[in-house]
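To keep things clear, I will list the structure first and then write my remarks on it.
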There are 2 protein chains.
Amino acid sequence: MPDTMTDSILIHNCTLLTAPNAPLLANATLLTRGETIVAIGTTDTMQQADTTQATTIIDGQGKLLMPGLINAHNHCAMTLFRGMADDMELATWLSKYIFPAEARHVNKEMVYHCSKLAAAEMILSGTTTVADGYFFEGQAAQAFIDTGLRAIAAHGIIDFPAPGVPDPARNLETAIEFLDEWQGKQPRITPAIFAHSPYTCSAETLQRAKRVATERQVPFFIHVAESSQEQAMIQAARGTSPIRHLNALDLLDPGTICIHCVCLDEEDLALLAKTQAGVVVCPQSHLKLASGTAPVSAMIEHGIQVGLGTDGCASNNSLDMFREMDLLSKTQKLHTLNATSIPARQALTCATINNAKLLGLGNIGQLRPGYKADLILLDMQQPHLTPCYNQDLLVYGAGGADVHTVIIDGRMVMADKKLLTFDVQTTMQEVRRLASQLAGARH
Amino acid sequence: MPDTMTDSILIHNCTLLTAPNAPLLANATLLTRGETIVAIGTTDTMQQADTTQATTIIDGQGKLLMPGLINAHNHCAMTLFRGMADDMELATWLSKYIFPAEARHVNKEMVYHCSKLAAAEMILSGTTTVADGYFFEGQAAQAFIDTGLRAIAAHGIIDFPAPGVPDPARNLETAIEFLDEWQGKQPRITPAIFAHSPYTCSAETLQRAKRVATERQVPFFIHVAESSQEQAMIQAARGTSPIRHLNALDLLDPGTICIHCVCLDEEDLALLAKTQAGVVVCPQSHLKLASGTAPVSAMIEHGIQVGLGTDGCASNNSLDMFREMDLLSKTQKLHTLNATSIPARQALTCATINNAKLLGLGNIGQLRPGYKADLILLDMQQPHLTPCYNQDLLVYGAGGADVHTVIIDGRMVMADKKLLTFDVQTTMQEVRRLASQLAGARH
């Protein structure tokens with residue numbers, strides 16, 4: 001962690017994007033102190049008094065400085081299942097591959113190493129904050145601490161035996177123990193609650209879980225309206241839509257984040273707008289699992305706060321938020337058959353400002369004095385980023401592999417494409433070992 | 001160019017994928033001589049006699065060796081227009097931005113430098129062959145020669161004033177002059193004809209152009225059935241579908257490559273199958289321009305030869321064929337609402353074997369003794385490619401930035417992510433200079 005009083009990073013001579021709709025600023029300078037951005041200006045006008053304090057100086061020549069991306073939905077530990085079972089129907093994929101693999105191969109060790117691997121992939125591709133939801137979530141939180149990532153770590157709740165929670169009757173209790181341990185423990189980690197879905201949690205479980213989240217003032221996540229199968233199940237069981245079911249249980253408010261929301265009707269949209277619940281879409285997962293396309297343009301027209309996430313990488317299979325922004329824009333154009341839908345800067349807004357807001361992290365997502373120093377530098381001197389007319393190139397041209405330097409909470413976690421916080425080779429070896437066990441068990 | 005008698009590259013200790021559906025071969029060795037693959041085996045079994053001839057030895061530890069990707073549709077020079085005008089309706093985009101920019105800014109110098117930039121981007125991202133279609137195509141062909149890429153270079157034909165062809169009455173003549181100059185000139189360059197579309201070329205122009213292509217035994221490309229607007233125009237003008245219009249003109253045969261084919265009905269599909277015309281789809285361009293989704297699953301069920309391309313990067317905006325394969329699979333799953341549609345290996349087949357076949361290049365697209373040595377090595381020791389259960393990871397996880405080494409026609413054109421054939425910094429500078437002129441002219 002940087003020393004709040006003395007550590008200071010100066011980045012100069014760069015092209016600067018402070019927010020998705022801001023003009024690109026040439027020959028710019030940014031200064032951090034401790035975990036905070038303290039000054040932004042052009043290299044010429046920035047006062048020497050400000051910049052001579054810097055303990056680290058980065059030459060940003062040929063690079064673009066922008067806010068770190070936020071991944072608002074992930075199941076980090078599922079990196080172990082990346083590519084284990086592709087091109088499957090959702091039901092087959094879950095019941096024949098994912099659930100059995102989770103039952104046999106998810107343990108504390110696995111969650112720690114596989115979450116660390118996800119953190120490595122995310123940092124390397126320019127993500128500085130993740131909202132994770134899984135089991136053994138304390139191990140995930142520890143992995144985020146050890147890698148330098150900022151995170152919302154949400155403990156899973158489901159009415160079935162789950163990793164670390166063999167008795168579903170103890171699901172809420174386990175999550176409360178997690179909150180007890182992690183609230184206020186580490187400034188970069190926000191613990192939270194993640195209820196799996198309206199078809200895997202009873203009404204009572206959902207209400208009790210939401211009540212805890214409200215009392216503790218932590219975010220409440222839930223997968224909802226992901227597929228037409230879910231829609232049919234909730235219709236059969238509850239006689240209504242998944243969103244209206246949640247609303248009837250009083251679950252929708254600004255502290256609730258509804259993940260997926262592919263299958264919505266006008267009444268659902270109006271409810272989400274009225275209750276100010278947040279929505280996070282995962283376009284690549286929706287494509288790969290053939291779920292459909294979330295009506296993001298309509299959500300935005302309704303004034304709903306829409307964020308963006310990758311989902312777990314078993315259903316994607318990448319954690320690169322640049323790919324996700326590109327696909328958010330492009331899939332909406334297909335969905336509306338209108339090429340002006342979700343322009344590039346709107347996608348960038350979803351992945352930064354909107355995600356920060358709906359996760360309750362008001363001081364990230366933009367570069368402003370007083371905001372957290374969560375920033376990334378991209379190497380723009382590459383053929384595929386040439387020419388650069390404006391920042392739309394970040395969405396339609398750039399990829400995670402273009403990220404050169406990453407600073408989180410004022411700390412350099414990656415420089416020259418190398419992770420500085422931990423030994424990623426060891427992490428990859430550990431995950432390969434776990435993957436061999438998994439592949440061996442299946443043969 | 002490698003010396004056919006003596007130059008020989010040995011790649012050993014790698015993981016080898018010879019073709020999309022082949023098993024991954026561990027601890028493999030491949031040997032080239034001149035422009036050809038001469039032997040493939042495991043490092044243990046490969047006879048020393050074969051391998052001691054090698055003049056260059058590459059240690060493939062931690063790397064995956066696979067066929068170079070083929071981009072079956074591009075307008076390379078349009079790199080100048082990358083990001084110049086995003087998020088626009090097709091008609092506005094073409095009439096207000098692309099056509100005026102082409103009228104003012106396309107010249108020999110622009111086509112040479114901008115095609116060279118495209119070649120750099122393609123080689124760096126693992127493409128070893130491109131099918132290009134544009135004007136001043138001799139300059140494009142020269143750019144491909146100078147960068148080491150293999151190419152089909154197709155001269156554009158359109159019944160409007162075009163770059164280098166101010167008088168449409170000379171459009172076919174200009175293309176014939178191009179064929180005269182380039183047929184048999186350079187073994188890596190196959191000249192061809194590219195008729196713009198059924199709505200920008202008269203029936204007579206199309207028939208004359210196809211006749212020349214048939215006589216000269218060169219590929220004949222045409223944009224067709226790209227959008228519902230085109231469909232409506234051809235219906236109004238010809239009383240039929242774009243594909244049936246081409247068929248009525250006797251244009252469909254195995255030498256014709258129909259680009260896009262988004263809007264097809266059953267009769268169109270049957271005609272394409274019966275005539276054995278090739279189809280190339282460009283999923284990202286179809287998304288970004290809100291054209292729709294080409295019915296690739298249906299095409300394959302009909303036995304149509306389906307290939308894959310990026311389209312020009314003004315409508316994508318990337319030339320990375322790994323992204324394109326990923327999107328081919330994923331958009332088909334959305335289109336059919338079936339997660340088993342176009343599995344990863346099918347997408348890989350489209351980008352290699354199918355593209356080679358429909359472009360008439362029978363000896364590329366797979367790694368086999370006797371085939372051309374067009375190969376790429378990917379660095380697999382990275383978090384986002386961990387774990388690796390099988391080659392599906394190449395489609396859903398890998399990206400162009402993972403390519404480490406590229407060999408085309410037996411020649412090392414890129415090693416350790418650096419281009420060896422030309423100075424890409426100079427090319428980027430030239431394109432930036434042209435882009436400043438363009439941006440200046442618009443303000």
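The values are calculated or read from the model by the stated rules, or taken from the named source; none is laboratory data. The model shown is predicted, which means the values in this text are computed figures rather than measured ones. Please note: Cβ atoms are built from the backbone with ideal geometry, for glycine as well, and neighbour counts cover all protein chains shown.
Taking the criterion of being part of a strand (DSSP E or B) and buried (at least 24 other Cβ atoms within 10 Å of the Cβ), would at least one residue in the stretch B:286-303 satisfy it?
No, every residue in the stretch B:286-303 fails to be part of a strand (DSSP E or B) and buried (at least 24 other Cβ atoms within 10 Å of the Cβ).
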Counting only residues that are charged (D, E, K, R) and either under 15 Å from A:D311 (Cβ atoms) or not in a strand (DSSP E or B) (or both), which one in the stretch A:109-156 is nearest to the other protein chains (Cβ to nearest Cβ)? A:E121
Pair list, Cβ < 9 Å and 6+ apart or interchain, from the stretch A:167-190 residues that are assigned by TED's automatic domain parsing to the domain that holds A:T214 and more than 21 Å from A:L361 (Cβ to Cβ) to residues that are polar (S, T, N, Q) and assigned to a helix (DSSP H, G or I): A:P168/A:T205; A:N171/A:T205; A:L172/A:T205
Which residue, of A:A195, A:A203, A:A169, is out of contact with any Phe, Trp or Tyr (no Cβ under 9 Å at 6 or more places or on another chain) and closer than 25 Å to A:A232 by Cα? A:A203
Residue list for the stretch B:89-108, filter: in a helix (DSSP H, G or I) and free of Cβ contacts under 8 Å to residues at least 60 places away in the same chain: B:T92, B:L94, B:S95, B:K96, B:Y97, B:F99, B:P100, B:K108
With the checklist (1) out of contact with any Pro (no Cβ under 9 Å at 6 or more places or on another chain); (2) within 13 Å of chain A (Cβ to nearest Cβ); (3) not polar (S, T, N, Q) in hand, flag the one item B:R345 doesn't pass. (1)
Report the residue count in the stretch A:86-104 for those that are within 16 Å of A:A439 (Cα to Cα) and surrounded by fewer than 18 Cβ atoms within 10 Å (Cβ to Cβ). 6
Subset of the stretch A:49-88 (residues that are in a helix (DSSP H, G or I) and at pLDDT below 90): A:A49, A:D50, A:T51
Of (1) of a type in the set (G, A, S); (2) away from chain A (no Cβ under 11 Å); (3) under 26 Å from B:M325 (Cβ atoms); (4) more than 15 Å from the chain's Cα centre (by Cα), B:G83 satisfies all except one. Which? (2)
Need the failing condition index for B:C76 against (1) more than 14 Å from chain A (Cβ to nearest Cβ); (2) farther than 19 Å from B:R368 by Cβ; (3) under 20 Å from the mean Cα position of the chain (by Cα); (4) not polar (S, T, N, Q), just the number. (1)
Check the stretch A:313-325 and report whether any residue there is crowded, with 24+ Cβ neighbours inside 10 Å, in contact with a Gly (Cβ under 7 Å, 6 or more places away or on another chain) and within 20 Å of A:D265 (Cβ to Cβ). no
Does the stretch B:210-224 include one or more residues that are surrounded by 19 or more Cβ atoms within 10 Å (Cβ to Cβ), among the basic types (K, R), modelled with pLDDT of 95 or more and more than 27 Å from B:G126 (Cα to Cα)? yes
Out of curiosity, is B:L348 crowded, with 22+ Cβ neighbours inside 10 Å, of a type outside the set (D, E, K, R) and outside the structural domain of B:N74 (by TED's automatic domain parsing)? no
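Could you tell me which of the residues A:G410, A:G400 is within 30 Å of B:A435 (Cα to Cα), at pLDDT 95 or above, not hydrophobic (A, V, I, L, M, F, W, C) and not assigned by TED's automatic domain parsing to the domain that holds A:A101?
So the residue among A:G410, A:G400 that is within 30 Å of B:A435 (Cα to Cα), at pLDDT 95 or above, not hydrophobic (A, V, I, L, M, F, W, C) and not assigned by TED's automatic domain parsing to the domain that holds A:A101 is A:G400.
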Quick check: is even one residue across the stretch B:97-107 at pLDDT 95 or above and among the aliphatic types (A, V, I, L, M)? yes
Residues of the stretch A:109-139 being in contact with a Cys (Cβ under 6 Å, 6 or more places away or on another chain) and touching a residue at least 60 places away in the same chain (Cβ under 8 Å), in sequence order, are A:A118
